[in-house]
1. Sort out for me the Cα centre separation of segment 177-228 from segment 60-138, rounded to whole Å.
2. If packing is taken as the average count of other Cβ atoms within 10 Å, what order do 202-214, 76-88 fall into, highest mean first?
3. Going highest first, how would you order 17-26, 34-43 by mean Cβ packing within 10 Å?
4. Classify segment 1-144: rounded, prolate or oblate, from the alpha-carbon gyration tensor (a ≥ b ≥ c, eigenvalue square roots; a/c under 1.5 rounded; otherwise prolate if a/b is larger than b/c)?
5. Between K196 and T51, 0.36 nm times their residue separation minus their Cα-Cα distance comes to what?
6. For A117, put the label point 7 Å out on the Cα→Cβ axis and report which residues of segment 78-102 keep their amide N under 18 Å from it.
7. Given points 7 Å out from each Cα along the Cα-Cβ axis, report the V43 to L72 separation in nanometres with one decimal.
Amino acid sequence: MKSQVQHRFHDFHHTWLSKLEEILHHLLHRTQMVALTHQNDVVNLQHLVNTTTAHIKHYYTVKWAEAREDVLPFFAPTWLTPLENACSWITGWKPSMVFRLLRSLQTSSFGVSEEQARKIEQLRMRMRMEEEKVEREMERLQMSLADHKMVELAKHSSRALAAEGEVEVAAAVKGLLDGLERTMKGADCVRLKTLKGVLDVLTPLQCVEFLAAVLAQQLRLTQWGTKKTDMLHVPRFNEPRPAIN
């Protein structure tokens, strides 16, 4: 039986994903227009970047609010496909994935300068250190589950041997859940800092192209996971697209 948090976030995720697909089409349309007209409209490009990042931040705002009530559903999300869950890193995408995606974009039309490449590499190294910090904390929490004291406390609770033991169990479980919530938020912060760090280095047009690739990858993973390509069409980066009025 699903919890209230699972029901609410499942509905939110579906709506949010639909809006993400809409934003992706706008990003792709804008890059196509720039390619056709050779007019780099910085104001419109920046507005599109801001719209995209605001939508991404909204996801984490809602996620954190729901996790405050119940964090466990985010470690076994029913709103994701098995493939998405298999690719997940502490309730989301792994920050280092962004840098692999950036390397795949290195073409004549998306070339970064030496200065940009230097800053991106520095960011990659910093974010890798933060990834490792979050992973160590997650490992510590996982080890605590098998801790002898936790096992004994669980036995006390299941057998209802003493009210004192149940109080200890409640305190231990609360500590574990608080740790999971803290670790999840830590991982999310690394994700957001990675995106912001990359966007701060790129030009407005590069930002639009980069975000289009990030969104397309996320939506395509969902598409592959559901195996229902007719329900969610995610165009490839260089695929002809219908005009947007």
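1. Going from one Cα centre to the other spans 6 Å.
2. Those peptides, ordered most packed to least, come out 202-214, 76-88.
3. The peptides rank, most packed first, as 17-26, 34-43.
4. Here segment 1-144 falls in the oblate category.
5. 50.8 nm is the gain from fully extending K196 to T51.
6. So the set is 99-102.
7. If labels sit at V43 and L72, their model points lie 5.3 nm apart.
Readers should treat all values here as calculations from the given coordinates under stated rules, not as data from a laboratory. Since we're looking at a predicted model, the values are computed, not measured. All Cβ positions, glycine included, derive from the backbone under ideal geometry; neighbour counts span all protein chains shown.
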